C-alpha cells in the first residue's frame, strides 16, 4: 500500500535519510525503531510531504506522492500524528477536531466522524470546550490521534505516541492504536523509541540506523533478535 | 529581601539615568541656534537633568511595581484582569450598549462638527484595526505595511470615481477587490517568511506602494494628490445646497432644511456600518473552516500541514481579506476627504494601526475599540500641544507595555463554548 524506495532527504547540507526502503501493506501495523537522530521523524515528514525527498520514490497505491504538497497527501488518505503532539493549545478541543476534518469538504461528516473519535477516546467528549493546552499529556496525545482520524485516513502515521506520557496511559494509547487498526481497518505506520512496546504491537518492524534501514522482519523476530535487544531493549541498558 | 530589592533597584535606576544621559544629552542638551547668522550651540542642561531624573525615578518605581506583581502572582487581583473578567461576563450587553451609543451619538447635544469628525476618525481606525486584526490577531502574520492597502483602496476609489464617474457604491467593492488583489500580491513572496523577516518585507511593501504613488505622476498626480473626488450620495441623492437643474437632493427629497451636518452624519453612519460589517465578518469567519485554519496556522504551521490544511491558500486568504477591509476603509477615507495624496499613507499610519491591534491585545475585537479610543483620543487631546503629541503617544505605548504587556485585553475567548457544564 505504501512503498518507499531509496529515499534520501536533506536538511540543508546535512543528509538525514540515506536511501531508505520501507514497505507497508494494507491492514498491517508496521513499527520503525531507532535511536535519537536516526531519521525516524524525518522519514514520516517525508512521507507526509512536509520535507521533500531529494531522490527516491514514494508510492501510495502505486501513485507517486513524493512530489505532492502535504495537503494533497492528507487528501489521498495519509494522516500523521506529529511528534510532540502539536496540539493547537489556544484553540478548543472541538476546534482541534474540526481542523482535523478540514480535508473532508468543510467537515460535513463532522458529527459521524467525531462520534467515532469519542468512541475511541471518551474523555475527549467531556473536554470539548476546553482549550487544547489545558489537557494532560495523555489526553493531548488522544486528541492528536483523534484529530488525525477526523481526516478518515487509510494510513495513519504515528510519531512517538508514547513520548512524555504516564506509563498507564501509554498502555491505553497502544490499545487504541490496535483498535484503530483492527476495528477501523486503518493501516498503521508507527515510529517509536519505546522499542519493546512498539515491536510487541507491530506485525512487522524496521530498524533505522543513521538514515539507513539496518534490519527488518516480523515484530516478534526483531524482539528476539540479539542485536536489537542489545541496542534498543532492556539487554542494552 | 526588601533591602536587597531596594539596593538592586537603585543600582538599576542609576544605570537607567546614565543611559538617559547618553541618549538625551546630545539630542536635547545641545541645541543649535542661529545667532547673528552664525550657528552656535546653546546647551540646555537643565532640561536634560529633568529628563534623566524622570527616567531614573520612573525605572525605580517600575522595579518596585514588577517585584510586587511577581509576589502576588496567581492571585487574580490586578485591575486589568478585573476589567477583562467584567468584559467577559457582560461582553454581549456592553457590545450592544456600545453599538446603541454609536447609533444615537450624532443626536447627542454635544455632538458638534468637531466631535463628529473625531468620531468618524476613530471609527476609521477601529475599522482598520479590525481589518488588520484578521492578519495579525487571527492568522498571526505581523504586517507592518497595512497602510498600503488603505492607500490602494483610496486611490482606486478616487481614480474610478473621477475618471468614470462611478458612484461610491459601485467603487467601494471595486476598491476592496483591488486592495485584496494587492494583498495576494504581497502574500506570494512572503509565504515562506515568518516573524521578523515577514515584518520587514511587509514594511518595505508599504513603502513601495507609497513611493509608487508618489512617482507615477501620470496616474496619481504624484505629490499633488488627487482632488475633486466625488462625495458619496444617499442612494443617488447628493448632499448639495445648490444642486444642478432638475436633480433632487437629500434635503429636498426629505423636505428638510439644508444643513452641512447632514452629510457628516451620513458619513458617520457609513463608516459605522462598514466597521460593524468588518467586525461581524471577523466574528463569523472565526467559526468557519478558513477562520479556524488561520488560528491554527498562528499556533503551529507544521501541525497544520500534517492535517491537510493548505498553508499557502490560508495565508493568502488572510492577506487578501485583511487587505480588502483596508481597501474599504481607504475608499471611505477618500470620499470623506475629497482629496488624497501619498502623504496620508506614510509608515506612521501603519505603525498606529499595528499599535492599536497589539496594544488592544491581539485577536481581541473589543481590545481594538478600547485602544483606539485611548490612542486616537490621546492624540486628539494633545492636538493643542502640537509638539508633544508624539511624546504622549509614545508614552502611552510604554505605559501599556509595562502594565499590560500582552495588550489591554490579553485574554482570547475560545471560539466555541458549551454552556456552563462544558
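Give me the percent of DSSP beta bridges within chain A that run antiparallel, rounded to the nearest 5.
Values: 22 of 40 bridges.
Taking every DSSP beta bridge within chain A, about 55 percent pair in antiparallel fashion.
Compute the distance in nm between two label points, each set 7 Å from the Cα along the Cα-to-Cβ direction, one at residue B:50 and one at residue B:273.
Modelled inter-label distance: 5.1 nm.
Give the distance, in whole Å, between the Cα centre of segment A:57-118 and the Cα centre of segment A:152-223.
Cα centroid to Cα centroid, the span is 19 Å.
Comparing B:349, B:89, B:37, which has the greatest mean-square fluctuation in the GNM of chain B with Cα pairs linked when under 10 Å apart?
In this elastic network of chain B, the residue with the biggest mean-square fluctuation among B:349, B:89, B:37 is B:37.
Over chain B, what relative contact order in percent results from Cα pairs under 8 Å that are six or more residues apart? Write out the running numbers ahead of the final one.
Numbers: 540 pairs, mean separation 98.5, N = 422.
Worked out over chain B, it gives 23 percent.
Among A:215, A:32, A:44, which one shows the highest mean-square fluctuation when chain A is modelled as a Gaussian network with alpha-carbon springs under 10 Å?
The residue that fluctuates most here is A:215.
Which shape class applies to segment B:83-403: rounded if a/c is under 1.5, otherwise prolate when a/b exceeds b/c and oblate if not, where a ≥ b ≥ c are the square roots of the Cα gyration tensor eigenvalues? Walk me through the numbers before you get to the answer.
Numbers: a/c = 1.60, a/b = 1.31, b/c = 1.21.
Taking the square roots of the gyration eigenvalues as a ≥ b ≥ c, segment B:83-403 is prolate.
At 10 °C and 1.306 mPa s, grab the translational diffusion coefficient of segment A:2-236 from Stokes-Einstein with a Kirkwood Rh over Cα pairs, rounded to a whole number in µm² per second. Mind showing how you got there, number by number?
Values: Rh = 17.9 Å.
After rounding, the answer is 89 µm²/s.
Cα centroids of segment B:345-393 and segment B:159-205: how far apart, whole angstrom?
Centre-to-centre distance over Cα atoms comes out at 23 Å.
Could you work out how far apart the two model spin labels at residue B:99 and residue B:204 are, taking each label as a point 7 Å from the Cα in the direction of the beta carbon, and quote it in nm?
Modelled inter-label distance: 4.3 nm.
Where does chain A land at 222 nm, in deg cm²/dmol rounded to the nearest 500, when only DSSP H runs of n ≥ 4 count, each adding -39500 (n - 2.57), divided by all residues? Walk me through the intermediate numbers first.
Working: 10 runs with 89 residues, N = 237.
-10500 deg cm²/dmol, from helical runs alone.
Calculate how large, on average over all directions, the projected area of the Cα convex hull of the protein assembly as shown is; give the answer in nm² to one decimal.
On the way: hull surface 163.1 nm².
For the protein assembly as shown, averaging the hull's shadow over all directions gives 40.8 nm².
What percent of all Cα-Cα pairs in segment A:1-123 falls in each 5 Å bin, counting up from 0?
Going from the shortest bin to the longest, the percentages are 2, 9, 17, 20, 18, 15, 11, 6, 1, 0.
For chain B, set up a GNM with springs between Cα atoms under 10 Å and report which of B:59, B:287, B:298 has the largest fluctuation.
B:59
Using alpha carbon centroids, what distance separates segment A:1-56 and segment B:229-301, in Å?
That distance is 55 Å.
How would you rank B:41, A:81, B:369, going from fewest to most other Cβ atoms within 10 Å of each one's own Cβ? Intermediate results must be reported in sequence, preceding the final value.
Values: B:41 9, A:81 28, B:369 25.
Least to most surrounded, the residues fall as B:41, B:369, A:81.
Which of rounded, prolate or oblate describes segment B:77-186 when judged by the alpha-carbon gyration tensor and an a/c cut-off of 1.5?
Working: a/c = 2.79, a/b = 1.39, b/c = 2.02.
Here segment B:77-186 falls in the oblate category.
Where does each of A:139-150, B:6-17 land if you order them by average Cβ count within 10 Å, highest first?
Numbers: A:139-150: 25.2, B:6-17: 14.8.
Ranking the peptides A:139-150, B:6-17 by packing returns A:139-150, B:6-17.
Averaged over A:122-132, how many beta carbons belonging to a partner chain fall within 10 Å of each residue's beta carbon?
Details: counts 0, 0, 0, 0, 2, 2, 4, 7, 4, 2, 2.
Whole-number average of other-chain Cβ neighbours for A:122-132 is 2.
Does segment A:153-203 classify as rounded, prolate or oblate by the C-alpha gyration tensor (a ≥ b ≥ c root eigenvalues; a/c under 1.5 gives rounded; else a/b over b/c gives prolate, otherwise oblate)?
On the way: a/c = 1.78, a/b = 1.53, b/c = 1.16.
Prolate, since a/c reaches 1.5 and a/b exceeds b/c.
Compute the relative contact order of segment B:2-71 as a whole-number percentage, counting only Cα pairs closer than 8 Å that sit 6 or more residues apart in sequence.
Numbers: 60 pairs, mean separation 28.4, N = 70.
After rounding, I find 41 percent.
Evaluate E = 1/(1 + (r/R0)^6) for residue A:196 and residue B:378, where r is the Cβ-Cβ distance and R0 equals 60 Å; express this FRET efficiency to the nearest 0.05. Could the numbers behind the result be given before it?
Numbers: r = 65 Å, r/R0 = 1.08.
FRET efficiency, residue A:196 to residue B:378: 0.40.
At 10 °C and 1.306 mPa s, grab the translational diffusion coefficient of segment B:2-71 from Stokes-Einstein with a Kirkwood Rh over Cα pairs, rounded to a whole number in µm² per second.
Values: Rh = 13.7 Å.
Rounded, D is 116 µm²/s.
Using Cα pairs closer than 8 Å and at least 6 residues apart in sequence, work out the relative contact order for segment A:2-236, in percent. Please report the intermediate quantities before stating the final value.
On the way: 454 pairs, mean separation 65.0, N = 235.
This gives 28 percent for segment A:2-236.
How many nm is it between the label spots at residue A:212 and residue B:15, if each spot is 7 Å from the Cα in line with the beta carbon?
Rounded to a tenth, the inter-label distance reads 5.4 nm.
Restricting to bridges with both residues inside the protein assembly as shown, how much of the DSSP beta-bridge set is antiparallel, in percent to the nearest 5?
On the way: 31 of 49 bridges.
Bridges in the protein assembly as shown are about 65 percent antiparallel.
None of the figures in this text is laboratory data; all of them are computed from the coordinates on show. Values in this document were obtained by computation on a predicted structure and should not be read as measured data. Cβ: placed from backbone, ideal geometry, glycine included. Neighbour counts: every protein chain shown.
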